[in-house]
Structures are given as structure tokens and as C-alpha cells.
Amino acid sequence: MVSINKIARLLAGVAATALLVPLAACGGGSDNAAVSDIPAKGTDDGTEITLWTRSPLESQAKNAVEAYNKSHKNQVKLEIIPNDDMEGKVGGASQTDSLPDILAGDVVRIPYWASEGIFTDITKQIDGLDNKADLQQGHIDAGTVDGKEYTLPFVTDVSVMVWNKTLYKEAGLDPDQGPSTLEDFETQAKAVAALDKDGVAGSYLSGQSGGALVFTLFPHIWADGEEVLNEDGTESLLNSESAQKVFKVYRDLAGTANGLGAGSKEETGATWTAPFAEGKIGVMPYPNTSTTALLDDANFEVGVAPIPGSTKGSSSTFLGGDAIGISKDSKNVAQAWNFLSWLESEDAQQEVFADNGDTASNLKVLENGYADADERVKTINSTLATGRTPVSANFNEGFNAAGSPWQILIQDQVWGDASKLKADNQAITDILAN
């Protein structure tokens, strides 16, 4: 396992900024007067606490809420928001002062939410945690504005390469050897495609989901030691040699019978993990938050490896996930803090995350809590040592938003006119530089 300090340094760069619909408050989070009176561990008096989280992290959120509710007088009422609806719902609720007590969100959205007053300032409480130094700092940094801290880690998500060992055996591949290079990935995907089985494809791509595309494709480029953005996040570098190698692999797969699963070109992200989970895809980059659920529940054996570059031994991952904080509208701040402080404890992190094979945000648990874990879970955790998160003030508009120039670039490179790469890359830069 990698060292705690190394993981902490790498995760400290996780914060990124995204745009959201206009919010009611501006200029930093709420300074709720009641915060100064909160006990160190909050209040557990039987209050109902509301929590919103987005659908991709439903499993982890349910595990956390179930563990808390069975051991506390307070009870958390969880609402799962479809990923594509999250920004609009938060924006609307902020304008009508109807946000939940606790709000969790994609780490690339958190800096904007914090700067626009979505959260209550809990600097005193966060700094007062006995184990603050043991926590993954990236999600704290993401919610820090002008020295005030608004968020803590909720779920740490990374991207990994997964493959279907049953399909590999049928295709004559070694089921225990996933792709260690980009070339291996293409070769193995084509071998599964050649099975010509009804509904089965070599790989899958979320062609219309900017968020899923950056999560799965950027690591190939980072693994080659290349950048996707310049240092200040104002220029796209996606016309590099490494990027072109990645695009060519997927273009070749798209031009191969059964190379990419049906629906890849139109996939908006709502169902992008489903084809692999259903046993229909040979190999693809995948989120660890979905991978761990498959290790025991899938009707086939899943292989897991880091996402490779073009050279054997090189790999990377996209560090993402969700941070969590108390909203500006909460009337139950002390009770909400009871949930948050409990969530960051070693015992809770072990029970909620490590024991379920998910990646803990408490670094001591990450270092020591997986001794008996599935080796594939240990592989997932090891990828954090090479992880990256791109940082740009206009990242959401350039990449994640529907119809973004990044989505257009992928459509052109995989299914359309590949000669448009320079123009498409410049279109991303034009937005990032605004």
C-alpha cells in the first residue's frame, strides 16, 4: 500500500471548479450563528436530518445512512437525486431556502457551491476534529473559500480498468491478465468483439457524457506523462500525441464489428456502467464505486487493473467523488454535525467503506483497514498514488455540460471527422480561457 503522506499530497490537488445555475447567495458560505454552540461531536437527540446525494453514489450513501441510523437517536432521511438533475435541484432549492440539512456533491462542483453560499461555515468544527490530519484533504480543500472550510470527504471515487473474465476465457485470452498497455486494451477488446455473441461488445464508451469521458479517457493520457490542460487550466492540450493515440484506439474499435457496445455514441451517462454490469462488455475503464458492487454480485468474475498508458508499467486514475457539508438552510446544524463527525471517524470509515470494499477517505483506514480485503480492492486503492484531477475555473462548461466542445471532440474523433481535432481542441480552449 502507498504511504499515508503520499496519498495525502496527491489528493490535495483534487479540487476543481465548475459552473452551476445562478444561486441565491454569493460571496462565501453561510455564517450560521448556531454553529459556535455545537458540541465537538454534535447533538444526537432523535432529530430527523435530511441528506441529498447524487445517484452514482447511491450504494455508498445508503451504507452510510444505514450504519448511522442503526447506531444513533438521530435519523437521516436520504434522498437520491439523478445525476443530471443535481445542479438544477440545488440551484432551485437555494433560491427558495429549501436545501436539505446535509448536501453531498461532485467534488468538481463543490468550489462553486461553497463560493456561492450553499454551505454553512464549519471551520471551527473541522479544525477541531481529532483526526483531521488523517482525512483525505482534497475534499476539504475543494470546499474552502477565503480560509473558511465548508466540506468534508464523503465518497472518494477513482477510475480503473475492468474486464469480464468469462468473456476473456471464451475469447481465448488469459482471464487473469487485463490490459497493461493501451495496445493491450485494443487487442483484448477486439478479441471479445470477435466472439460475435449477440449483444456482446469488446468495450463501451459514454459518447455523450462529458463527465464520464474525462473520468475514463484522461487517465490514459496522464499515464504517458502528458497533461490534458495547461497549468492554470485555461488551455486544452487534447491534440497531443498521447491524446491522439487514445482517440485512435476508440475510433478503431468503433470501426470494428462489435467493437463498441450499441448505444455508445448516444450514451448520456445515465446508463453508462450498465452494459458491463450486465455481462455484455469485455473490457473498459470504470468507476471504482460501481466496481466494488460487482465483485460479489455479478454473475461473472471481474478483473481489475489500473488504467494503462501506451507503455507497459505506466498507469493513472481520475481522482473524483463527492464532498459533503451542512447547507445554509439547515435548522439542525448540531445534529447534522453529529452525522459528519461520525462519518469521518475511523470506526465509521471502516464499517461504511472498507468493510464494503469501497475506498475510505480516512487515510489510516486506507492504509490499515484492508488487510483481509479482496486483492482487487487493494488494486483499486493502489491507483490513488498515480491519480490526478484537472483544475479549471470553466471546467464544467468546457467538458461536463451537455453539448460541450469536449463531447463534440469525442464524437468527431471516434465516429466523425477526425481532421477536426485542432479546431475542436481550440473550441475547448476558447471556453476555458474566458
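The values are calculated or read from the model by the stated rules, or taken from the named source; none is laboratory data. Owing to the predicted nature of the structure, the values given are computational and were not obtained by experimental measurement. As a convention, Cβ positions derive from the backbone with ideal geometry for all residues, glycine included, and neighbour counts pool all protein chains shown. Keep in mind that these areas ignore ligands, DNA and RNA; they rest on the heavy atoms of the full protein, side chains included. Shrake-Rupley method; radii C 1.70, N 1.55, O 1.52, S 1.80 Å.
Rundown of residues vs (1) touching a residue at least 60 places away in the same chain (Cβ under 8 Å); (2) touching a Gly at 6+ places or on another chain (Cβ under 8 Å); (3) among the acidic types (Asp, Glu), yes/no style:
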| site | (1), (2), (3) |
| --- | --- |
| Trp337 | yes, yes, no |
| Leu343 | yes, no, no |
| Asp347 | no, no, yes |
| Glu351 | yes, no, yes |
| Ala360 | yes, yes, no |
| Thr389 | yes, yes, no |
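Tell me, which residue of segment 236-258 that is more than 30 Å from Asp198 (Cα to Cα) and crowded, with 19+ Cβ neighbours inside 10 Å is farthest from the chain's Cα centre (by Cα)?
Ser242
Closer than 15 Å to Asn258 by Cα, buried (at least 21 other Cβ atoms within 10 Å of the Cβ) and of a type in the set (Phe, Trp, Tyr): does that describe Tyr150? It would help to see each step written out before you state the result.
Numbers: closer than 15 Å to Asn258 by Cα: no; buried (at least 21 other Cβ atoms within 10 Å of the Cβ): yes; of a type in the set (Phe, Trp, Tyr): yes.
When the stated conditions are applied, Tyr150 does not pass them.
Restricting to segment 288-312, name every residue that is at pLDDT 95 or above and open to solvent by less than 30 Å² (accessible area, probe 1.4 Å).
Hits for segment 288-312 are Phe300, Val302, Gly303, Val304, Ala305, Ile307, Pro308, Gly309.
Between residues in segment 28-56 that are at negative phi and modelled with pLDDT under 95 and residues that are β-branched (Val, Ile, Thr) and part of a loop (DSSP other than H, G, I, E, B), which pairs lie under 8 Å by C-beta distance while being six or more apart or on different chains?
Gly29/Ile118; Val35/Ile122
From the residues in segment 327-355 that are in contact with an Asp or Glu (Cβ under 6 Å, 6 or more places away or on another chain) and in a loop (DSSP other than H, G, I, E, B), which one is most open to solvent (accessible area, probe 1.4 Å)? Walk me through it before giving the result.
Quick first cut of segment 327-355, residues in contact with an Asp or Glu (Cβ under 6 Å, 6 or more places away or on another chain) only: 329-330, 332, 336, 338.
Restricting the remaining residues to those that are in a loop (DSSP other than H, G, I, E, B) gives 329-330, 332.
On the way: Asp329: 20, Ser330: 5, Asn332: 37 Å².
The extreme case among them is Asn332.
Determine, yes or no, whether Gly263 is under 22 Å from Gly105 (Cα atoms), modelled with pLDDT of 95 or more and outside any helix (DSSP H, G or I). Step through it out loud before you land on a result.
Numbers: under 22 Å from Gly105 (Cα atoms): no; modelled with pLDDT of 95 or more: yes; outside any helix (DSSP H, G or I): yes.
Judged against the criteria, Gly263 is not a match.
Give the residue, chosen from Gly178, Gly225, Gly207, Gly233, that is open to solvent by 50 Å² or more (accessible area, probe 1.4 Å) and either touching a residue at least 12 places away in the same chain (Cβ under 8 Å) or of a type in the set (D, E, K, R) (or both).
When all the criteria are applied, what remains is Gly225.
With the requirement that a residue be touching a helix residue (DSSP H, G or I) at 6+ places or on another chain (Cβ under 6 Å), polar (S, T, N, Q) and over 16 Å from Phe215 (Cα atoms), what does segment 382-412 give you?
Result: Asn394, single match.
Counting only residues that are under 19 Å from Glu267 (Cβ atoms) and not in a helix (DSSP H, G or I), how many does segment 186-214 have?
Filtering segment 186-214 down to residues under 19 Å from Glu267 (Cβ atoms) leaves 189, 192-193, 199-214.
This time we only want the ones that are not in a helix (DSSP H, G or I), so: 199-209.
Final tally of qualifying residues: 11.
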